[in-house]
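A quick write-up on the structure given underneath.
The values are calculated or read from the model by the stated rules, or taken from the named source; none is laboratory data. Keep in mind that what you see is a predicted model, and the values were worked out from it rather than measured. In this analysis, Cβ positions are derived from the backbone assuming ideal geometry, glycine residues included, and neighbour counts consider all displayed protein chains.
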Amino acid sequence: MKNYFFLKLNPNRATFAQDMTEEERGIMKQHVIYWRGLMNKGHVVTFGPVLDPNETYGIAIVGVDGQEDVIEFIKHDPAATINTYEFHPMMAIVPDTAS
């Protein structure tokens, strides 16, 4: 049985999405590739930016064995070198895959 977590990627400044440097843009491209890979392995339900008018930030919903997996995902995410994460357990409602 999977455990679900909500992850929030907090930008290092409120204007990050609008004024990323070229170096930051490259890191964020690697971030997307990294999370798409986790999605392709079945760990990620969805991920992407939230276009909040006050501040753009990223979210992901993951289904994993436990919190240790979330910590490992964050540890290896290129974006974690320039931004910060927070995460929380989630009582997710997901499609029933039992046949």
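Laid out as a table, the results:
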item: Among residues of the range 45-84, those that are over 13 Å from the mean Cα position of the chain (by Cα) and of a type outside the set (Val, Ile, Thr), counted; result: 9
item: Condition check for ALA79: surrounded by 16 or more Cβ atoms within 10 Å (Cβ to Cβ), touching a Ser or Thr at 6+ places or on another chain (Cβ under 8 Å) and modelled with pLDDT of 95 or more; result: no
item: Scan of the range 43-81 for residues that are assigned to a strand (DSSP E or B) and either of a type in the set (D, E, K, R) or farther than 25 Å from MET20 by Cβ (or both), ordered by number; result: VAL45, GLY63, VAL64
item: Hits in the range 1-41 - residues which are closer than 22 Å to GLN67 by Cα, at pLDDT below 95 and exposed (fewer than 15 other Cβ atoms within 10 Å of the Cβ); result: MET1
item: Lone unmet requirement of (1) part of a helix (DSSP H, G or I); (2) basic (Lys, Arg); (3) closer than 19 Å to PHE87 by Cβ for LYS29; result: (3)
item: Meets criteria (among the hydrophobic types (A, V, I, L, M, F, W, C), surrounded by 11 or more Cβ atoms within 10 Å (Cβ to Cβ) and more than 19 Å from LYS75 (Cα to Cα)) for VAL50; result: yes
item: Single match in GLY58, GLY63 (criterion: within 18 Å of HIS88 (Cα to Cα), surrounded by 14 or more Cβ atoms within 10 Å (Cβ to Cβ) and in contact with a helix residue (DSSP H, G or I) (Cβ under 8 Å, 6 or more places away or on another chain)); result: GLY58
